[in-house]
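Report on the structure given below.
The values are calculated or read from the model by the stated rules, or taken from the named source; none is laboratory data. This structure is a prediction, so every number in the text was calculated from the model and none was measured. Ideal geometry is used to build each Cβ from the backbone, glycine not excepted, and the neighbour counts take in all protein chains shown.
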């Protein structure tokens with residue numbers, strides 16, 4: 001991902017919005033109508049001083065009548081009504097466009113994040129991702145909405161107002177514009193300071209979000225250990241950092257706006273002093289003097305808006321660069337072949353001389369590992385903690401990418417199988433039961449279409465969880481709370497098993513997926529499961545010997561290598577590592 005320490009200039013900030021070009025092209029009609037209405041409103045605002053000029057000149061020449069003044073008043077009211085109606089249109093279209101950009105960017109960002117590999121989520125804190133998906137996108141919406149409008153409106157208004165002021169009196173215009181270069185120089189200097197400040201605040205906001213997320217996610221552990229004050233202090237420290245960063249930015253903003261006000265009011269003071277003298281000397285009419293003053297006031301908004309727009313663009317550019325850092329991150333694991341949705345694996349798996357290293361670790365997690373899993377067999381993988389069991393399973397489903405020519409399904413290299421088709425053919429249940437804050441039925445269905453309640457109940461029955469669900473007050477409609485907090489650990493694991501069993505995949509992988517249920521319940525579930533899955537491939541990682549006795553073949557791993565293989569009794573008779581693990585579990589059960 002891109003580094004975020006480099007400061008963004010205004011031009012560089014603008015370039016960061018390039019990925020949003022398609023949204024502007026797709027909505028060009030609405031933008032065109034909105035800009036046309038914005039131009040019409042500006043035209044009305046620029047025409048208003050001419051009406052005031054004519055009215056003032058008529059009054060000073062004492063030729064104005066009551067009907068003339070009424071006409072001027074009615075014309076102003078009519079134009080104000082038109083401007084109000086047209087302003088509603090452009091605000092709906094242009095600011096509505098910013099909401100369209102916000103929605104499209106958020107959907108695109110979330111869609112892209114889902115394609116990224118597991119290593120990305122190991123390096124990127126969840127709080128930072130949340131900050132980019134909320135706070136940063138809101139800054140981009142402001143920049144592409146009111147920021148874009150203010151930039152166009154200010155440019156158009158400033159150009160037209162200056163032209164009219166030159167028409168009224170060129171020399172007076174030249175003198176009135178003396179502060180303009182000072183405004184530009186101040187804007188450029190402050191914009192760079194504010195750009196760095198905005199990036200720092202966004203990063204700090206991500207740190208605070210991550211710290212708060214950790215505190216709430218682990219609230220039960222915090223309470224169990226009585227560490228509430230420690231957690232509060234950790235959140236307080238990050239909050240203090242966030243306040244300090246924002247105060248530094250506020251100081252820059254606090255200096256910027258008063259300077260802009262001083263510079264613009266210097267011009268007004270010059271006009272009043274010099275322009276009033278010209279009016280007294282009849283070099284310009286009183287109406288021209290009044291109109292000139294009004295145009296100068298109209299010019300004050302674009303000059304002030306320039307600083308405000310600079311702030312919005314700098315903030316939005318900093319946020320856009322953070323999001324571009326994700327959008328330009330490419331997934332490490334991709335499909336080499338197109339997904340036609342037709343391929344379904346039979347279940348034969350072959351691993352040949354697989355060597356796999358975790359990033360930054362010299363010793364291989366899997367070292368020259370080879371094994372064969374026949375179609376329809378029940379295979380168990382056992383070994384001490386850290387021997388490589390989970391790493392092996394992750395390479396099979398390509399959550400970790402094995403090297404070419406090492407993993408095969410039905411004789412095909414796993415890299416030649418589209419990711420979607422590979423994972424549709426697999427049911428993968430891990431020890432960590434991931435349950436969503438929804439109903440039991442929704443957790444089992446998991447967004448898959450055309451699933452009946454009967455199928456859900458069959459899947460729950462396969463996981464020996466159907467009777468408990470039906471006894472709940474709301475049955476399948478029971479809400480399980482955040483991360484399934486209303487369920488026990490064993491219930492969450494069986495719910496995840498039912499999710500994997502819903503479509504009875506050709507290959508089912510259970511990575512210690514029943515560790516939170518008692519031995520007797522696990523034996524009952526496994527017996528029922530294997531009877532149901534006859535002819536389909538099942539891979540088990542477990543430490544319970546009652547389950548291992550059902551396996552057609554057992555592979556024993558140690559330090560990333562297969563040190564033993566065979567059936568349960570064969571390995572017991574061999575008196576190797578498996579037999580030692582068996583004796584240890586017998587002792588544990590006896591105790």
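Exactly one condition in (1) buried (at least 20 other Cβ atoms within 10 Å of the Cβ); (2) farther than 30 Å from residue 114 by Cβ is false for residue 268; which is it?
Against the list (1) buried (at least 20 other Cβ atoms within 10 Å of the Cβ); (2) farther than 30 Å from residue 114 by Cβ, residue 268 comes up short only on (1).
Checking residue 442 against (1) loosely packed, with under 14 Cβ neighbours inside 10 Å; (2) within 26 Å of the chain's Cα centre (by Cα); (3) without any contact (Cβ under 8 Å) to a residue 12 or more places away in the chain: exactly one of these is not met. Which one?
Checking residue 442 against (1) loosely packed, with under 14 Cβ neighbours inside 10 Å; (2) within 26 Å of the chain's Cα centre (by Cα); (3) without any contact (Cβ under 8 Å) to a residue 12 or more places away in the chain, the one that fails is (1).
Answer yes or no as to whether residue 386 is surrounded by fewer than 17 Cβ atoms within 10 Å (Cβ to Cβ) and under 14 Å from residue 357 (Cα atoms).
The answer is yes for residue 386.
Against the condition surrounded by fewer than 16 Cβ atoms within 10 Å (Cβ to Cβ), at pLDDT 80 or above and not in a loop (DSSP other than H, G, I, E, B), how does residue 149 come out, does it pass?
Numbers: surrounded by fewer than 16 Cβ atoms within 10 Å (Cβ to Cβ): no; at pLDDT 80 or above: yes; not in a loop (DSSP other than H, G, I, E, B): yes.
So residue 149 fails the test.
Among the residues of the range 411-430, write down those that are in a loop (DSSP other than H, G, I, E, B) and surrounded by 16 or more Cβ atoms within 10 Å (Cβ to Cβ).
Let us first name the residues in the range 411-430 that are in a loop (DSSP other than H, G, I, E, B), namely 411, 417-418, 425, 430.
Those that are in a loop (DSSP other than H, G, I, E, B) and surrounded by 16 or more Cβ atoms within 10 Å (Cβ to Cβ): 417, 418, 425, 430.
Just give me the residues in the range 525-542 being closer than 21 Å to residue 582 by Cβ and surrounded by fewer than 17 Cβ atoms within 10 Å (Cβ to Cβ), in sequence order.
Selection gives 527 alone.
Look through 113, 137, 100 and report the one residue that is touching a helix residue (DSSP H, G or I) at 6+ places or on another chain (Cβ under 9 Å), over 30 Å from residue 211 (Cβ atoms) and either assigned by TED's automatic domain parsing to the domain that holds residue 275 or outside any helix (DSSP H, G or I) (or both).
100
Residues in the range 152-178 that are outside any helix (DSSP H, G or I) and either free of Cβ contacts under 8 Å to residues at least 60 places away in the same chain or surrounded by 19 or more Cβ atoms within 10 Å (Cβ to Cβ) (or both): how many? Reasoning before the result, please.
From the range 152-178, those outside any helix (DSSP H, G or I) are 169, 177-178; that's our starting set.
Remaining after also requiring either free of Cβ contacts under 8 Å to residues at least 60 places away in the same chain or surrounded by 19 or more Cβ atoms within 10 Å (Cβ to Cβ) (or both): 169.
Residues in the range 152-178 being outside any helix (DSSP H, G or I) and either free of Cβ contacts under 8 Å to residues at least 60 places away in the same chain or surrounded by 19 or more Cβ atoms within 10 Å (Cβ to Cβ) (or both): 1 in total.
Out of all the residues in the range 507-524, which are surrounded by 15 or more Cβ atoms within 10 Å (Cβ to Cβ), touching a helix residue (DSSP H, G or I) at 6+ places or on another chain (Cβ under 8 Å) and not in a loop (DSSP other than H, G, I, E, B)?
508, 509, 510, 511, 522, 523
Could you please give the count of residues in the range 460-506 that are in a helix (DSSP H, G or I) and in contact with a strand residue (DSSP E or B) (Cβ under 6 Å, 6 or more places away or on another chain)? If you could, list the steps in order and put the result at the bottom.
Of the residues in the range 460-506, the ones in a helix (DSSP H, G or I) are 460-462, 466-471, 475-477, 482-484, 489-501.
Those still in the list that are in contact with a strand residue (DSSP E or B) (Cβ under 6 Å, 6 or more places away or on another chain) too: 477, 496-497, 500.
The total comes to 4.
Working carefully through the options 69, 40, 79, 75, find the one that is free of Cβ contacts under 8 Å to residues at least 24 places away in the same chain, more than 30 Å from residue 319 (Cβ to Cβ) and either over 34 Å from the mean Cα position of the chain (by Cα) or in a helix (DSSP H, G or I) (or both). If you could, list the steps in order and put the result at the bottom.
Working: 40 fails: free of Cβ contacts under 8 Å to residues at least 24 places away in the same chain; 79 fails: free of Cβ contacts under 8 Å to residues at least 24 places away in the same chain; 75 fails: free of Cβ contacts under 8 Å to residues at least 24 places away in the same chain.
Sole residue among the options that is free of Cβ contacts under 8 Å to residues at least 24 places away in the same chain, more than 30 Å from residue 319 (Cβ to Cβ) and either over 34 Å from the mean Cα position of the chain (by Cα) or in a helix (DSSP H, G or I) (or both): 69.
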